[in-house]
1. Assess whether E97 counts as being closer than 14 Å to V45 by Cα and either part of a helix (DSSP H, G or I) or at pLDDT below 85 (or both).
2. Test T79 against the stated conditions and say whether it is of a type in the set (V, I, T), in contact with a Ser or Thr (Cβ under 6 Å, 6 or more places away or on another chain) and at pLDDT 80 or above.
3. How many residues are crowded, with 17+ Cβ neighbours inside 10 Å, of a type in the set (A, V, I, L, M, F, W, C) and under 11 Å from T18 (Cβ atoms) if we restrict to region 44-59?
4. Restricting attention to region 97-114, does a residue exist that is within 16 Å of A51 (Cα to Cα) and either surrounded by 14 or more Cβ atoms within 10 Å (Cβ to Cβ) or of a type in the set (D, E, K, R) (or both)?
5. Which of the residues that make up region 19-36 are out of contact with any Lys or Arg (no Cβ under 6 Å at 6 or more places or on another chain) and not acidic (D, E)?
6. Name the single residue, out of those in region 7-31 being free of Cβ contacts under 8 Å to residues at least 40 places away in the same chain and surrounded by 14 or more Cβ atoms within 10 Å (Cβ to Cβ), that is farthest from F129 (Cα to Cα).
7. How many residues does region 39-66 hold that are of a type in the set (K, R) and either touching a residue at least 40 places away in the same chain (Cβ under 8 Å) or within 15 Å of A125 (Cα to Cα) (or both)?
Amino acid sequence: MAQFYLLSVVSNLVAGLTLAGDFLGEKMPFLLPFKEVRSRRSAQVAIGITALVVGVIKLFLLSPGEHILILGDFLPAVTGITLGIMLLAEVNPGKVEQAGESIRKISKTALTYRVPAGITGVIVALVHFLFPGLAVL
């Protein structure tokens, strides 16, 4: 479905820009609003949930011109799921602390690399937008 293709591109782009907002806002001033989004909990939760849900749905829906069910949009789907989980883990540090030692370590490691993950999300979204028919994108 073309709607989920566009929704996947937009959600990965916005989630990536939100995660890397601090770094990208310093380098490119027109991206400063994404730095401010990280300070608003409700916006961050909405973006995280959207990226996560669209990523899960995208595992089973095909982009225009795709013929392979799961692998067709695997990279954008996994990117959306990862970015959504990272945004939600960043918003709810109390729940991460209660989850257990292994979850705490994974969350700390993932949030250490939130800027590279955000930039990767932006790159995946742009490549997926430009080349929707690639087998892995």
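The values are calculated or read from the model by the stated rules, or taken from the named source; none is laboratory data. Computed from a predicted structure; not experimentally measured. Positions of Cβ are backbone-derived with ideal geometry, glycine not excepted, and every protein chain shown enters the neighbour counts.
1. When the stated conditions are applied, E97 does not pass them.
2. Taking the combined requirement at face value, the residue does not satisfy it.
3. Residues meeting the conditions: 2.
4. yes
5. A20, F23, L24, K27, M28, P29, F30, L31, L32, P33, F34, K35
6. G25
7. So the count comes out to 2.
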